[in-house]
Amino acid sequence: MVTHEVFNQSIPLEGHDAARLDLALLEGVDREGAAEHRGDIERVGALVGDPGYIRHGELANENPPQLKRFDRFGHRIDHVDYHPSYHALMEVAVREGMAGAPWVDDRPGAHVGRAAKFAMWTQVEAGHGCPISMTYSIVPALRAQPEVAEVWEPKLTSRTYDLSPMPVVAKQGAIAGMAMTEKQGGSDVRANTTVATAAGDGTWRLHGHKWFTSAPMCDGFLVLAQAPGGLTCFLLPRVLPDGSRNAIEIQRLKDKLGNRANASSELEFRDAHVWRVGDEGRGVATIIEMVNGTRLDCVIGVTGQMRQAVHQAAWHTAHRSAFGGLLAD
């Protein structure tokens, strides 16, 4: 058997520091008053080039989430299993302050520093950035209901990634999501048919569905539902204060071309417990505070992905020859 030597091929881009190589990013950080965060940013930049975390990104995409509706005894559990590499990436993102931590960081430029880290970390794997972005973005929306924010904000701004299926008050940290889209309405959320009914004890009961909900294992979700006063925003916890599972049923996970490490799901609610956030009938105005943050993160994340694409291209052309010279020349 003849083994042919492989030559004139590039080598993997790894072991690099994504922060120190991105002078425009660092100049922007300094210009926007976030110089105190340079140490944190450079620490994340080194992790971006770490071969172990690059492999975590690959494994998280190669092994998409799996839905388990029932346990082996027939009890409904509606649980999504993620590959351990997904959790490894989530742990770094939360620990390094890419989730809710900037809201309680008193250093100047906390949100600028966080944006720089998010732009870099998405270069390792972008899918897990969805729940990270939602956790970051939900905080200003929750503040429309101070008694709800008082319970949830300390957990959402924590730097601890806590997977335990417990009531939020018992957790060291929490992750958040949102659910707006329904089958008949799509982006037209005013066409939503999910209904919320006051329970008389300060809580509400939710009955209906959501056609698209990312990261269904989040601890809580902002949802829109029709109340007597109109479309209203509510907080839907996955685990209730008494430790029982809320009435959330996962119908299926989306089969997607990209964003495969992140589970996107279709949910149904059968008298699920929710808490109102903001004024009745002001659901869109309330949840838009969260939507604005996630949309900004879409831009920040794509900026990081474009940077990674350029870096990969430059690296490849610096290591491959054609017609007597390096492609870079």
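The values are calculated or read from the model by the stated rules, or taken from the named source; none is laboratory data. Given the structure is predicted, the values throughout are model-derived calculations rather than measurements. We place every Cβ from the backbone using ideal geometry, glycine too, and count neighbours over all the protein chains shown. Accessible surface is based on the protein model in full, side chains and every heavy atom, while ligands, DNA and RNA are left aside. Shrake-Rupley method; radii C 1.70, N 1.55, O 1.52, S 1.80 Å.
State the percentage of accessible surface on the range 81-150 attributable to carbon and sulfur atoms; use a 1.4 Å probe and exclude ligands, DNA and RNA. Intermediate values should be presented prior to the final figure.
On the way: 1150 of 2000 Å².
Carbon plus sulfur share of accessible area: 57 percent.
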Report summary line: Expressed in angstrom and ordered largest first, the alpha-carbon extents of the range 263-329 along the principal axes are 70, 25, 12
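Hey, what's the chain come to in accessible area per residue, 1.4 Å probe, Å²? Mind showing how you got there, number by number?
On the way: 15590 Å² over 329 residues.
Roughly 47 Å² per residue, with all protein chains present.
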Requested in this report: Let me know the charge dipole size of the range 175-329 about its Cα centre in debye, to the nearest 20, where only the beta-carbon of Lys, Arg (+1) and Asp, Glu (-1) is charged.
Outcome: 380 debye
Query raised in the report: Given the pairs Lys68/Lys171; Lys155/Lys254; Lys68/Lys155; Lys117/Lys183, which are separated by over 25 angstrom at their Cα positions?
Result: Lys155/Lys254; Lys68/Lys155; Lys117/Lys183
Report summary line: Rounded to 0.05, the calculated FRET efficiency for the beta carbons of His16 and Thr197 at R₀ = 45 Å is 0.25
Report task. List the aspartates and glutamates whose Cα lies under 15 Å from the Cα of Lys256, skipping any in the same chain that are fewer than 8 positions away. Result -> Glu62, Glu266
Report task. Would you mind computing, in nm to one decimal, how far apart the modelled labels at Glu27 and Leu327 are, each placed 7 Å from Cα along Cα→Cβ? Result -> 2.7 nm
Query raised in the report: From the square roots a ≥ b ≥ c of the eigenvalues of the alpha-carbon gyration tensor of the range 223-297, which class results: rounded (a/c under 1.5), prolate (a/b over b/c), or oblate?
Result: oblate
Query raised in the report: Looking only at His316, His79, His207, which one moves most when the chain is put into a Gaussian network model with springs between Cα atoms under 10 Å?
Result: His316
**Report entry** Dimensions (Å) - the range 186-329, Cα atoms, principal axes, largest first
**Finding:** 79, 29, 26
Query raised in the report: Could you give the dipole magnitude of the range 77-168 about its Cα centre, charging the beta-carbon of Lys and Arg +1 and that of Asp and Glu -1, in debye to the nearest 20?
Result: 320 debye
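Restricting everything to alpha-carbon atoms, can you work out Rg to Rh for the range 146-212 with a Kirkwood hydrodynamic radius?
Working: Rg = 15.2 Å, Rh = 14.3 Å.
Ratio of gyration radius to Kirkwood radius for the range 146-212: 1.06.
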Query raised in the report: How large, in percent, is the carbon and sulfur part of the accessible surface of the range 1-66 at a probe radius of 1.4 Å?
Result: 53 percent
Requested in this report: Report, in debye and to the nearest 20, how large the dipole of the chain comes out about its Cα centre when Lys and Arg carry +1 and Asp and Glu carry -1 on their Cβ.
Outcome: 680 debye
Query raised in the report: Out of every Cα-Cα pair in the range 1-114, what percent are more than 25 Å apart?
Result: 46 percent
**Report entry** For the chain, alpha-carbon Rg relative to the globular expectation (2.2 N^0.38 Å, N residues)
**Finding:** 1.09
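Suppose only helical runs count, i.e. DSSP H with n ≥ 4. What mean residue ellipticity at 222 nm does that imply for the chain under -39500 (n - 2.57) per run, divided by all residues and rounded to the nearest 500 deg cm²/dmol?
On the way: 8 runs with 116 residues, N = 329.
Computed mean residue ellipticity for the chain: -11500 deg cm²/dmol.
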Query raised in the report: Per Stokes-Einstein, at 25 °C and 0.890 mPa s, what whole-number D in µm² s⁻¹ belongs to the range 31-185, with the Kirkwood radius over Cα pairs as the hydrodynamic radius?
Result: 145 µm²/s
Report task. Keeping every protein chain in place, order Glu36, Glu125 by accessible area at 1.4 Å, biggest value first, i.e. largest first. Result -> Glu36, Glu125
Query raised in the report: Under a point spin-label approximation (7 Å from Cα along Cα-to-Cβ), what is the His87-Lys183 distance to one decimal in nm?
Result: 3.4 nm
Report summary line: So, for the Cα atoms of the range 172-241, Rg and Dmax in Å stand at 12.3, 38
